[in-house]
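Take a look at the structure set out below.
The values are calculated or read from the model by the stated rules, or taken from the named source; none is laboratory data. Computed from a predicted model, the values in this text were never measured in an experiment. Cβ placement follows ideal geometry from the backbone for every residue including glycine, while neighbour counts extend to all protein chains displayed. Note: areas computed on protein heavy atoms with side chains; ligands, DNA, RNA excluded. Shrake-Rupley method; radii C 1.70, N 1.55, O 1.52, S 1.80 Å.
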Amino acid sequence: MKKYRIGEFEEIVLLIVSILKDNAYGVAIINEIKKQLDRDVSVGALQATLRRMEKKGFLESRHGEG
């Protein structure tokens, strides 16, 4: 596996995803970041980060119910 470095925001997202487990969807991740760190995150920034981390192999996504 290729070695990748992750930035601060990517690390935060990984930690929040591990806290939320099966409930780790976009809005829930944003809300938890706000709750835990009092940090505002745009949907676009989160989605770009999630896609980048998936390409690096840190996360897997799946489509759930709407």
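Checking each residue in the stretch 32-64 for being touching a residue at least 40 places away in the same chain (Cβ under 8 Å) and closer than 14 Å to residue 15 by Cβ picks out 49, 53, 58, 59. Is there a residue being open to solvent by less than 80 Å² (accessible area, probe 1.4 Å), out of contact with any Asp or Glu (no Cβ under 9 Å at 6 or more places or on another chain), part of a helix (DSSP H, G or I) and among the acidic types (Asp, Glu) anywhere in the stretch 25-43? The answer is yes, given that some residue of the stretch 25-43 is open to solvent by less than 80 Å² (accessible area, probe 1.4 Å), out of contact with any Asp or Glu (no Cβ under 9 Å at 6 or more places or on another chain), part of a helix (DSSP H, G or I) and among the acidic types (Asp, Glu). With respect to the conditions (1) open to solvent by 100 Å² or more (accessible area, probe 1.4 Å); (2) of a type outside the set (Asp, Glu); (3) under 12 Å from the mean Cα position of the chain (by Cα), residue 62 falls short on a single one, namely (3). A residue that is within 19 Å of residue 63 (Cα to Cα), out of contact with any strand residue (DSSP E or B) (no Cβ under 6 Å at 6 or more places or on another chain), in a helix (DSSP H, G or I) and open to solvent by 90 Å² or more (accessible area, probe 1.4 Å) can be found somewhere in the stretch 11-21.
Scanning the stretch 44-55 for residues that are surrounded by fewer than 15 Cβ atoms within 10 Å (Cβ to Cβ) and either out of contact with any Gly (no Cβ under 8 Å at 6 or more places or on another chain) or aliphatic (A, V, I, L, M) (or both) yields 44, 45, 48, 51, 54, 55. For the stretch 44-57, the set of residues classified as in a helix (DSSP H, G or I) and closer than 21 Å to residue 3 by Cα consists of 48, 49, 50, 51, 52, 53, 54, 55, 56, listed by residue number.
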